[in-house]
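In what follows, a single structure is set out as structure tokens and then discussed.
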Amino acid sequence: MALYSAAAAVLSGLERGEGGLKSLVYGSDFPHARQLYALVAETLRYGPVLEALLDGAALLRVEKKLPLPLAKVLVYDLLFGKGLKCGGRWKALARRHRARLEAELARLKVRRGVSRNEDLLEPASGAGPEAPQVPRYVRVNVLKTCVDDVVEFFKRQGYSFLGRASSVEELKTLSGKKFLLDLHLPELLVFPPQTDFHENRLYTSGHIILQDKASCLPAFLLSPSAGSHVIDACAAPGNKTSHLAALLKNKGHIFAFDVDTKRLATMNTMLMRAGVTSFKLTQQDFLTVDPHDPKYSKVKYILLDPSCSGSGMVARLPLEEAVPSAERLQALAGFQRRVLSHALRFPAVQRLAYSTCSVRREENEDVVHAVLQEQGSAFRLVNAFPSWPCRGLATFPGAECCLRASPADTLTQGFFVAVLERCGEEAAVPSSLPAATEESLQQEEGVEPGAAPPKKRRRKKQRVKV
């Protein structure tokens, strides 16, 4: 039963936008991650079919205490998997309805004119042959190592390093055991899609972080200076928090908040493994945090990545499940406006990065515009990363200062980032680009692909060999 409960919990986390499939699976307490991953992935693949069966058999109307995620997992394994392996009341419940479910499956096959279970997937598939293939992005954890050492490690494992990418198009050509240094982010390596490093020694030791390129943008563009006090408002599962710590060089302090105890415990383990120090995890709804509490009087930077629809996560959910209802969008956007307004109430904050893994305007440009109107002239949008090819939708003057990401345009998951800065002489970071971005653009203009990163970024990164 533990397997099915764990799978149902992962499905629920996906629906709430708490992370991607792999991060939720490997962040769970279930000891057999591959078994759990396979069950959840197949349940997602059969998602539309399972919903049709549950609806036709009226299972949830009969068994009102059976949660939908658990029902999907049980019915998948009962009809399409290896058979129910659990015990207890849920197994008895599923078997009690087996005849009804099998009859509904037979009727569904007749309606669709197919004879095999696999054929049911074809008309319901949301991906299609033209679905974009997002590379595997690997962020080098500079708290424990450096880019050069990680590159050498992978070369010893039989990978071929092709140097620094010169364009997004070059990333599309990756195949086999070849990899590149990303053209935008200085500590990001790029491998072919589906490359799996979850069992790799560098990942299990915290020397590398598996993080989509778009997800690296918020901390990168926030660009807190070493020694600063920073808030990560909706922090779990912790990849962005560890990125903040790397940018801070483990100096200063990070206040990280999340409402889920289990997710915070997992996050704490992850941060310790990554060598992060000077952080404080707090189980608390960020909306209830007092901006005028003296402990936050030095907070100049806030990273805000609130719950969202997750509609940009192309590899996480079937297309049908990635389209939120109008009601859910309205509720999410309301929450996002409240939490962004709350973040800007911290008296010392100078710079804030707001991000979502959504492609919906309601959660992105509309939220930013509404809050900026509330603030009057107190905050402004920063024209972040001008060379980034995908900009905000032109829904209000200045929206082009925002960044968007998509599989088609940037070869990443769908994402949105806006950087807000306090107006006036006390603005903490007058440049629209972080220092690391300036260096990256200088490389684009004057250094051949494959050149080593500037020495000033490597000077103190040899203390841990991998």
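Please give the net charge around Tyr46, taking every other residue with its beta carbon less than 11 angstrom from that of Tyr46, where Lys and Arg add +1 and Asp and Glu add -1. It would help to have the intermediate numbers written out before the result.
Working: positive: Arg45, Lys72; negative: Glu42, Glu51, Asp77, Glu118.
So the surrounding residues net to -2.
Roughly what would the spin-label model give for Ala326 and Asp196, points 7 Å off Cα along C-beta, in nm?
4.3
What per residue convex hull volume, in Å³, comes out for segment 267-389 when only alpha-carbon positions are used? Working shown, then result.
On the way: hull volume 19.9 nm³, N = 123.
Cα convex hull per residue, to the nearest whole number: 162 Å³.
Residue separation times 0.36 nm, minus the C-alpha to C-alpha distance between Glu170 and Ser12: what's the value? Don't jump to the answer; show the numbers that get you there.
On the way: separation 158, 0.36 × 158 = 56.88 nm, distance 3.64 nm.
My answer for the length gained is 53.2 nm.
At R0 = 56 Å, how high is the FRET efficiency between Val110 and Asn268 if r is their beta carbon distance? Nearest 0.05 is fine.
Working: r = 52 Å, r/R0 = 0.94.
FRET efficiency, Val110 to Asn268: 0.60.
How do the peptides 60-72, 358-370, 265-277 rank, highest first, by the average count of neighbouring beta carbon atoms within 10 Å per residue? All intermediate terms of the calculation are to be shown ahead of the outcome.
Details: 60-72: 15.1, 358-370: 22.4, 265-277: 18.3.
Per-residue mean Cβ counts within 10 Å order the peptides as 358-370, 265-277, 60-72.
At a Förster distance of 35 Å, what's the computed FRET efficiency of Ala226 paired with Ser5, Cβ-Cβ distance as r, to 0.05? Walk me through the intermediate numbers first.
Working: r = 43 Å, r/R0 = 1.23.
For R0 = 35 Å, the calculated efficiency reads 0.20.
Residues in segment 12-47, backbone N under 14 Å from the label point at Asp55 (7 Å along the Cα-to-beta-carbon vector): list them, ranges by number please.
47
Express as a percent, rounded to the nearest 5, the fraction of DSSP beta bridges in segment 131-280 (both residues included) that run antiparallel.
Antiparallel: roughly 50 percent of the beta bridges in segment 131-280.
Fully extended, how many nm does the chain gain between Lys295 and Ala99 (0.36 nm per residue separation, minus their Cα-Cα distance)?
Numbers: separation 196, 0.36 × 196 = 70.56 nm, distance 6.11 nm.
That pair, Lys295 and Ala99, stretches by 64.5 nm at full extension.
Within 10 Å, count the other beta carbons around each residue, average over each peptide in 115-121, 211-217, 176-182, and list them highest first. Before the final figure, lay out the partial values.
On the way: 115-121: 12.7, 211-217: 24.0, 176-182: 18.4.
Highest mean packing first, the order is 211-217, 176-182, 115-121.
What is the gain in length, in nm to one decimal, between Asp29 and Asp409 on full extension, counting 0.36 nm per residue of separation less the C-alpha to C-alpha distance?
Details: separation 380, 0.36 × 380 = 136.80 nm, distance 3.61 nm.
This chain segment gains 133.2 nm when fully extended.
With a point put 7 Å past each Cα toward its Cβ, work out how far Val62 is from Asn250 in nm, to one decimal.
Distance between label points: 5.9 nm.
We did not get these values from a lab; they are worked out from the coordinates using the rules stated. None of these values were measured; they are calculated from a predicted model. Glycine gets a Cβ as well: all are built from the backbone with ideal geometry, and neighbour counts include every protein chain shown.
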